[in-house]
Amino acid sequence: MYFPKSVRLCEVGLRDGLQNEKTLLDAEQKLFLLRGLIDAGFPVIEVGSFMSPKAVPQMKDTDDLFKALGSPAGVELRALVANLRGVQRAIDCGCTKVKLNVSASRQHNLRNINRTPEESVASFAESAELARDNGLEVSGSISMPFASPWEGTTPVEDVDSIIEAYLRVGVSEISLSDASGMAMPAQVNELCRHVREKYPQATWWLHFHNTRGLAMANILAAMDAGMTQFDSSFGGLGGCPFVPGAAGNISSEDVIHMCEGCGIETGIDLVKLMALTVNLKEMLSHSLDSYVLKAGRNEDLLKG
Ligand code: ZN
């Protein structure tokens, strides 16, 4: 089995995680957590999204967070956007990296926005252009490239055609997001090998939810196929409003602990992160799905 020397992790808990929480955190609490994540050494952090505050009230203060953080050295701060209005908000508050998202499920896309996934991506052209004209970087995400609850396994040709639609609008940093938690390691390994070989001009992120306990296995399967960029969330926060029984993202603590034990560098201080996640747990007043947070690190057992 192949292990990379180092990986880059993007902490997505403050976006993918908080948007599914009933407890609303205020901007001050979020800033405390964001500064802690930066201090722990995450190279990339998804700060929030620029969606309608009515639709996603948990994300209403993303603009304020970017203004308060400025441009700290050594970390890339990104946000999810859906359209031109979102890009304009990103420009106005100093956010320098935006991510667009489309569902690979044709049925889901047609039912919700009456467009095929490729039409959705083509409609991102204006947003991507406005972002780039203002010096912002643009990335794109594909939800459910492995399988969806509506159509089962996603055909590889569908994934290819969405990737090609992204490349046509100038987006070559692409995230494959298993929002439904249905991906299987064999399929992940195969699809990762396929896209890396077919689209060498693209860079990739993998995003796994732990809905069926397979997120860590899927990360290892993706690593084996040469992938080195992964989303994770502290305390395993997260969910998905569209997917029945959706669980959170793979927990950052668990991924970092596994990487440390396998000689894979992340550049993140796990002890600092675990202390911060305890704060998060207090803010949300419920338990979190992080094995390492519950059981401690291997090396903690040897200290007593
Ligand atoms: Zn997600």
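Considering only residues that are open to solvent by less than 40 Å² (accessible area, probe 1.4 Å) and out of contact with any Leu (no Cβ under 8 Å at 6 or more places or on another chain), which ones fall in the range 101-120?
Those that are open to solvent by less than 40 Å² (accessible area, probe 1.4 Å) and out of contact with any Leu (no Cβ under 8 Å at 6 or more places or on another chain): Val102, Ser103, Ala104, Ser105, His108, Asn109, Pro117, Glu118, Ser120.
For the range 135-183, how many residues meet the condition of being small (Gly, Ala, Ser), in a strand (DSSP E or B) and under 14 Å from Ser103 (Cα atoms)?
8
Output yes when any residue across the range 221-233 is modelled with pLDDT of 95 or more, open to solvent by less than 10 Å² (accessible area, probe 1.4 Å), within 14 Å of the ligand (Cβ to nearest atom) and not polar (S, T, N, Q), and no when none is.
yes
For residues that are under 21 Å from Phe208 (Cβ atoms) and either touching an Asp or Glu at 6+ places or on another chain (Cβ under 7 Å) or at pLDDT below 95 (or both), tally how many sit in the range 110-139.
Number of matching residues: 1.
All but one of (1) under 19 Å from Ile174 (Cα atoms); (2) modelled with pLDDT under 95; (3) of a type in the set (Lys, Arg) hold for Arg78, so report the exception by its number.
Failing condition for Arg78: (2).
Restricting attention to the range 277-304, which residues are surrounded by 14 or more Cβ atoms within 10 Å (Cβ to Cβ) and more than 18 Å from Gly248 (Cβ to Cβ)?
The answer is Arg297, and nothing else.
Only one residue in Gly263, Gly238 is in contact with a strand residue (DSSP E or B) (Cβ under 7 Å, 6 or more places away or on another chain), touching a residue at least 60 places away in the same chain (Cβ under 8 Å) and either open to solvent by 20 Å² or more (accessible area, probe 1.4 Å) or in a loop (DSSP other than H, G, I, E, B) (or both). Which one?
On inspection, the qualifying residue turns out to be Gly238.
Name every residue in the range 237-262 that is more than 12 Å from the chain's Cα centre (by Cα) and at pLDDT 95 or above, in order of residue number.
Glu253, Asp254, Val255, Ile256, His257, Met258, Cys259, Glu260, Gly261, Cys262
Give the residue, chosen from Val169, Val188, Val87, that is under 22 Å from Ala246 (Cα atoms) and at pLDDT 95 or above. Please lay out each step first, then the result.
Values: Val169 fails: under 22 Å from Ala246 (Cα atoms); Val87 fails: under 22 Å from Ala246 (Cα atoms).
One residue alone meets the criteria, Val188.
Looking for whichever is open to solvent by 30 Å² or more (accessible area, probe 1.4 Å), more than 16 Å from the ligand (Cβ to nearest atom), touching a residue at least 24 places away in the same chain (Cβ under 8 Å) and of a type in the set (Gly, Ala, Ser) here; the options are Gly86, Gly94. Which one fits? Steps first, please.
Working: Gly86 fails: open to solvent by 30 Å² or more (accessible area, probe 1.4 Å).
Just a single option satisfies the conditions, and that option is Gly94.
Of (1) away from the ligand (no atom under 16 Å from the Cβ); (2) open to solvent by 10 Å² or more (accessible area, probe 1.4 Å); (3) not hydrophobic (A, V, I, L, M, F, W, C), Pro149 satisfies all except one. Which?
(1)
Name the single residue that is farthest from the chain's Cα centre (by Cα) among those in the range 265-304 being of a type in the set (Lys, Arg) and more than 25 Å from Ser6 (Cα to Cα).
Taking the range 265-304 first, the residues of a type in the set (Lys, Arg) are 272, 281, 294, 297, 303.
Restricting the remaining residues to those that are more than 25 Å from Ser6 (Cα to Cα) gives 281, 294, 303.
Working: Lys281: 20, Lys294: 23, Lys303: 34 Å.
Residue satisfying both the conditions and the ranking: Lys303.
Find all pairs meeting these conditions: Cβ atoms under 8 angstrom apart; at least six residues apart or on different chains; first residue within the range 172-198 and closer than 16 Å to Met216 by Cβ; second residue open to solvent by 50 Å² or more (accessible area, probe 1.4 Å).
Listed pairs, sorted by first residue: Gly181/Arg212; Met182/Pro149; Met182/Arg212; Gln187/Thr153.
The values are calculated or read from the model by the stated rules, or taken from the named source; none is laboratory data. This one's a predicted model, so the numbers in the text were calculated from it and none came from an experiment. As a convention, Cβ positions derive from the backbone with ideal geometry for all residues, glycine included, and neighbour counts pool all protein chains shown. In case anyone asks, the SASA skips ligands and DNA or RNA and just uses the protein heavy atoms, side chains included. Shrake-Rupley method; radii C 1.70, N 1.55, O 1.52, S 1.80 Å.
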